[in-house]
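What follows is one structure encoded as structure tokens, with my remarks underneath.
The values are calculated or read from the model by the stated rules, or taken from the named source; none is laboratory data. Just so we're clear, the structure is a prediction, and the values are computed from it rather than from any experiment. Cβ: placed from backbone, ideal geometry, glycine included. Neighbour counts: every protein chain shown. The area values use the complete protein model at the heavy-atom level, side chains included, leaving out ligands, DNA and RNA. Shrake-Rupley method; radii C 1.70, N 1.55, O 1.52, S 1.80 Å.
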Amino acid sequence: MLISNMCKTSKKAIVLVGFMGAGKSTVGRALANLSGLPLVDLDALIVQLQGRTIPAIFAEQGEATFRRYETEALRSLNDASPIILAMGGGIVGRQENWQLMRRLGAVIYLRANWDTLRARLAGSTGRPLAPADRTEADVKSLWQQRVPLYEQADLIVDTDGREVDEVAREIFRRAKD
Ligand code: S3P
């Protein structure tokens, strides 16, 4: 059915990008259910490879090292097997990562407006760059800087006020075209 059509194209994976709180992991799980493909969460892979949590990496080794781990983890993924891939919100900052993501498949930007993101991030823990650890103005400014980067994605899918399953179905339908 649908997924076999998608696999006939050169775009094997569905790669989800977007700001913190955009729903990459949640939509990724729904897409994995819909497609039968495995979900790979890049942050979880980094934690596994490094044997430390994301906050510990930021605190002990710094953001620059975390960004290096992100690229290494991305490079370690095999481009032969189709997967659903949920990325951390900052993956879009390095041009090298775009080449690696595009090699894997179709890059989808889960777009949400600032009010949606702010509400979803309220009370969030375990995110060194989110409001618990920084001012809202700082986080909003980071989001504004990143929007043009996210917009380099192959597809843009809006998530404001929408159910997770509806978003997942739209991605699934559009990614196979
Ligand atoms: C980050 C987002 C986080 C995680 C790390 C840095 C960012 O992932 O990779 O804390 O720079 O936006 P989520 O987008 O899944 O929260």
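Worth a mention:
- Taking the inverse of the mean 1/r over every pair of distinct Cα atoms in region 2-172 gives a Kirkwood hydrodynamic radius of 16.3 Å.
- Cross-link partners of residue 176 among aspartates and glutamates, defined as those whose alpha carbon lies under 18 angstrom from its own and excluding same-chain residues fewer than eight positions apart: 79, 154, 158, 165, 166.
- Cut-off 19 Å (backbone N to label point 7 Å along Cα→Cβ of residue 114), residues of region 148-168: 148-151, 159-161
- Residue by residue, region 31-40 carries 3J(HN,Hα) couplings of 5, 5, 5, 5, 9, x, 8, x, 9, 10 Hz when phi is fed to the Karplus relation 6.51 cos²θ - 1.76 cosθ + 1.60 (θ = phi - 60°); x denotes Gly or Pro.
- Potential lengthening of the chain between residue 61 and residue 169 amounts to 35.0 nm, from the contour at 0.36 nm per residue minus the alpha-carbon distance.
- Accessible-area composition of the chain, carbon plus sulfur, in percent [1.4 Å probe]: 49
- A simple charge model with +1 on the Cβ of Lys and Arg, -1 on the Cβ of Asp and Glu and nothing else charged puts the dipole of the chain at about 420 debye relative to its Cα centre.
- Per-residue ³J(HN,Hα) for region 110-118, Karplus 6.51 cos²θ - 1.76 cosθ + 1.60, θ = phi - 60°, Hz, x for Gly and Pro: 7, 8, 9, 7, 4, 4, 5, 5, 4
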